[in-house]
Amino acid sequence: MADTPPLTLPEALRRTLPAARWELTHTNDAGTRVYRSQRFLIKVHPRGPSHPLFSEKERLRWLAPRVPVPPLAGYAEDADHAYLALARLPGMPMNHPDARLHARRNADLLARALAELHALPIRDCPFTHTLTERLRDLRTRLTASGEIPTPVAERFNALVRQRPHDEDLVVTHGHATLEHVLVNGEYVEALTGVGRAGLADRHVDLAAAHTSLTQDYDPDAAAHFLDTYGRARIDLHKLDYYARLNALA
């Protein structure tokens, strides 16, 4: 991170946000950088064929009156990058070491937060991320750099062959891992990283959450999550299928 250039905001955000010292806190393989000040977070992503920050901005606007998400503080683009500004909130992500001290409680909170999201009326949601779209997007990403390695191609082809015959469509988070759930004591402060939110099978979220709980906490917390969400609504075959899809995506 030491070689990363300092944050230079476009004029539109300089007019909106107060002057601040910005600290780089995170980068990822997709080129996204995350900065924070005392009051705000800013995500910066290179402009290109995809528009993940614009997608996240649109979903934040739709979700804000319905479920807890970070307040949108601004959005702007320049010739090279897109910028998404969010207000900082109290609490910590559920994968924080201190949050792991309350694994069972957090599993319960996560199950209830996802159940609330999944209960939103699907007719009102303008975004979709169905299985057909997910498989298409995954194929595009896998082939972008040339020939797919044989083991990866075999896993992808198995997902195509074994896809479920139906989808239990609900409003999903789309990437419901512990790092994308901000917990503040005994309640969920916000769902974060909602750029993939939209109509999809509920098991997209259930599989992501179950895998994350198993890996970051323990199998008992993951089992408690399923119990709290309601096992009558869970198809174990779909849970396995979407876990394999999430792992490849």
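What translational diffusion coefficient, to the nearest whole µm²/s, does region 60-134 have by Stokes-Einstein, given a Kirkwood radius computed over alpha-carbon pairs, a temperature of 4 °C and 1.567 mPa s viscosity? For these conditions, the coefficient is 84 µm²/s.
Distances between placed amide hydrogens fall under 5 Å for Leu7 paired with no residue 5 or more residues away or on another chain.
The residue list Pro71, Leu41, Leu13 was ranked by how far each Cα lies along the charge dipole of region 11-87 toward its positive end, using unit charges on Cβ atoms, and Pro71 comes out on top. Can you tell me how region 14-56 classifies by the Cα gyration tensor, rounded, prolate or oblate, using a/c under 1.5 as the rounded cut? Verdict is oblate for region 14-56. Simple rule: put +1 on each Lys or Arg Cβ and -1 on each Asp or Glu Cβ in the chain, find the dipole, and look at His237, Ala107, Thr130; the Cα lying farthest toward the positive end is Thr130. The gain in end-to-end length when the Arg61 to Leu24 segment is fully stretched comes to 10.8 nm, 0.36 nm per residue minus the alpha carbon separation. Label-to-label distance for Ile148 and Glu133 is 2.0 nm, based on points extended 7 Å past Cα in the beta-carbon direction. In this structure, Leu101 and Asn157 have a Cβ-Cβ separation that, at R0 = 35 Å, corresponds to a calculated FRET efficiency of about 0.25. Taking only Cα atoms and a 10 Å spring cutoff, compute GNM fluctuations for the chain and point out the largest among Ala64, Ala79, Ala197. Looking only at Ala64, Ala79, Ala197, the largest GNM fluctuation is found for Ala79. Where only DSSP H runs of four or more residues are counted, the chain gives -12000 deg cm²/dmol as its mean residue ellipticity at 222 nm, each run worth -39500 (n - 2.57). Of Val160, Val152, Val183, the residue with the greatest mean-square motion in the GNM of the chain, using alpha carbon springs below 10 Å, is Val152.
When you count the other C-beta atoms within 10 angstrom of each residue and take the mean per peptide, 101-108, 205-212 line up highest first as 205-212, 101-108. When the charge dipole of region 150-196 is built from unit charges on Cβ atoms (+1 for Lys and Arg, -1 for Asp and Glu) and taken about the Cα centre, the candidate among Val188, Ala153, Leu169 whose Cα reaches farthest toward its positive end is Ala153. Region 11-87 has equivalent-ellipsoid semi-axes of 18, 17, 13 Å, by the square roots of 5 times the alpha carbon gyration tensor eigenvalues, sorted largest first.
Under the classification rounded if a/c is under 1.5, otherwise prolate if a/b is larger than b/c and oblate if not, where does the chain fall, given a ≥ b ≥ c as square roots of the Cα gyration tensor eigenvalues? Numbers along the way, then the final one.
Numbers: a/c = 1.70, a/b = 1.26, b/c = 1.34.
It is oblate, given that a/c is not under 1.5 and a/b is not larger than b/c.
List the GluC sites (Glu not before Pro) within region 157-246 that fall in a DSSP loop (any state other than H, G, I, E or B) and whose Cβ has at most 15 other Cβ atoms within 10 Å. For GluC sites (Glu not before Pro) across region 157-246 that sit outside H, G, I, E and B with at most 15 neighbouring Cβ atoms in 10 Å, the list reads Glu186. Rounded, prolate or oblate for region 98-163? Axes are the square roots of the Cα gyration tensor eigenvalues, ordered a ≥ b ≥ c, and the cut-off for rounded is a/c under 1.5. Oblate, since a/c reaches 1.5 and b/c is not below a/b.
Site pair His165 and Arg88 shows an inter-label distance of 5.3 nm when each label is modelled 7 Å from Cα along Cα→Cβ. Taken as Cα centroids, region 20-64 and region 103-122 sit 24 Å apart, rounded to the nearest whole angstrom. Of the residues Arg202, Arg163, Arg136, the one that moves most in a GNM of the chain with alpha-carbon contacts below 10 Å is Arg136.
Among the GluC sites (Glu not before Pro) in region 98-157, those located in a DSSP loop and surrounded by at most 15 other Cβ atoms within 10 Å of their own Cβ are Glu147.
Every number in this text was worked out from the coordinates using simple rules, so none of it is lab data. All of these numbers come straight from a predicted model, not from anything done at the bench. Don't worry about glycine lacking a Cβ; one is built from the backbone with ideal geometry, like all the others, and counts go over all protein chains shown.
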